[in-house]
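Engineer: Here it is, the structure in full.
The values are calculated or read from the model by the stated rules, or taken from the named source; none is laboratory data. None of the values given here were measured: they were computed from a predicted structure. Cβ placement follows ideal geometry from the backbone for every residue including glycine, while neighbour counts extend to all protein chains displayed.
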Amino acid sequence: MTDEWVAWHRRYDRGGDLLRRLEVVQQRIREALDVARPGPIRAVSLCAGDGRDLLGVLAHHPRARDVRARLVERSPELAARGRRRAAALRLPGVEFVTDDASDTRVLEGAVPADLVLVCGVFGNVTDGDVRSTVRHLPELCAARATVVWTRGRFPPDLTPAIRRWFRASGFSERSFTLVTGTTMSVGTARLATAPRRYRPGVRLFTFLPAAERPSNRSRARRRLGRAPARVSAPRGERARATGIGGVFLRSRDPARLARWYRDRLGVAVEGQVATLTWRSPRAGHRVGHTVWAALADDDRGWGPRRASAMVNYRVRDLEALLPALRREGVNVSPTIEWGFAGKFGWADDPEGNRLELWEPPRRYRPPERPMPME
Ligand SMILES: C[S@@+](CC[C@H](N)C(=O)[O-])C[C@H]1O[C@@H](n2cnc3c(N)ncnc32)[C@H](O)[C@@H]1O
């Protein structure tokens, strides 16, 4: 019998939303492996499916042979597919276990892990189960472990609460990425406190019956990310970019370049960043911020054409704007990064200049000492 999750996996083969989510998940796995210490890297994946997220990365990653991974998946067919792929890739350190991932007993011997994947789980269980799983994750983690998780942002959006729960459990957020034009999001968190002792037999979650799953309940899933009319009209009355949020220089040695600007031009650079403040002419009590920064060559934002500088424009509704620009033929990044400083997306102008689009949060207190603009 084909189980429902085998059918679900076929969505990957059709391309589209799930494939774009996979690309983000794989990028986050790659980043975790890139910075892993020398020696064995332990990984676990809960409800791993056919494991294509991890295996797809290991197929090309120089640390692949260092990875000792346990992928736990209840569907025998999906686990068997994963095993076949791991064998074809000659990855003896990767094992698929056909079992119940919701009981921590199944992870005995595989944890504490440096990389924990919880992808495609949080949309299928109760909010309470999401919360208690996040609370127990430090028991599965080695020091400074990375957790990669996913959740759809269908209404009511649970991701703000999930991000809070991670912080409350001792993690610091590394990234939170929205797949533009979809409800999908991918978070990564790093354990910032001491790991906790592993306890076997802790029940983490229970998959709900299909009709009760949060991911299926909301008929409004695809609506999020669709541009409302006010931003979809090209050259509309309402400005899409409302100010300059920042100017960035690509640099081989950002600290040195930043020092040059501080010493030669007196820009109040701290580290590699200066925050210049100004007052809104329309609401004089409101202080705005424009950032100057030297960014490393390999920063995510530069895009494939690797421009040498980038202007950041303030916008009001990034999640609506990016899909609208894409429909108008603009080359737009497939994701939005959502950090403490707001939401960020990227696009190219017709001459290939990279631009960053920034939706500041309602309240923003930059970490740097502000420098008033004249
Ligand atoms: C939404 S899919 C996610 C698969 C994979 N992590 C991904 O993101 O592509 C959920 C997977 O969880 C598996 N699953 C559901 N309950 C499980 C459980 N208690 N233990 C292990 N796997 C489970 C399903 O068989 C299915 O493959």
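Engineer: Under the condition of being under 11 Å from L115 (Cβ atoms) and away from the ligand (no atom under 12 Å from the Cβ), which residue from the range 38-57 is surrounded by the most Cβ atoms within 10 Å (Cβ to Cβ)?
Structural biologist: A43
Engineer: List the number of the failed condition for V25; all other conditions in (1) closer than 15 Å to G120 by Cβ; (2) within 8 Å of the ligand (Cβ to nearest atom); (3) free of Cβ contacts under 8 Å to residues at least 60 places away in the same chain hold.
Structural biologist: (3)
Engineer: Would you check if A309 is aliphatic (A, V, I, L, M) and exposed (fewer than 14 other Cβ atoms within 10 Å of the Cβ)?
Structural biologist: yes
Engineer: Here's something else I'd like to know. Mind telling me which of the residues D114, D99 ends up being touching a strand residue (DSSP E or B) at 6+ places or on another chain (Cβ under 6 Å), away from the ligand (no atom under 16 Å from the Cβ) and acidic (D, E)?
Structural biologist: On inspection, the qualifying residue turns out to be D114.
Engineer: Scan the range 77-89 and give yes if some residue there is near the ligand (Cβ under 8 Å from one of its atoms) and out of contact with any helix residue (DSSP H, G or I) (no Cβ under 6 Å at 6 or more places or on another chain), otherwise no.
Structural biologist: Checking the range 77-89: at least one residue is near the ligand (Cβ under 8 Å from one of its atoms) and out of contact with any helix residue (DSSP H, G or I) (no Cβ under 6 Å at 6 or more places or on another chain).
Engineer: May I ask you to verify whether F122 is over 20 Å from the mean Cα position of the chain (by Cα), at pLDDT 95 or above, within 12 Å of the ligand (Cβ to nearest atom) and surrounded by 23 or more Cβ atoms within 10 Å (Cβ to Cβ)?
Structural biologist: Taking the combined requirement at face value, the residue does not satisfy it.
Engineer: Report yes if D66 is at pLDDT 95 or above and within 12 Å of the ligand (Cβ to nearest atom), otherwise no.
Structural biologist: no
Engineer: Filter the range 342-354 down to the residues that are surrounded by fewer than 18 Cβ atoms within 10 Å (Cβ to Cβ) and in contact (Cβ under 8 Å) with a residue 24 or more places away in the chain and list them by number.
Structural biologist: D348, G352, N353
Engineer: If you go through the range 332-340 one residue at a time, do you hit one that is outside any loop (DSSP other than H, G, I, E, B), within 25 Å of E270 (Cβ to Cβ), hydrophobic (A, V, I, L, M, F, W, C) and touching a Lys or Arg at 6+ places or on another chain (Cβ under 8 Å)?
Structural biologist: Within the range 332-340, none of the residues are outside any loop (DSSP other than H, G, I, E, B), within 25 Å of E270 (Cβ to Cβ), hydrophobic (A, V, I, L, M, F, W, C) and touching a Lys or Arg at 6+ places or on another chain (Cβ under 8 Å).
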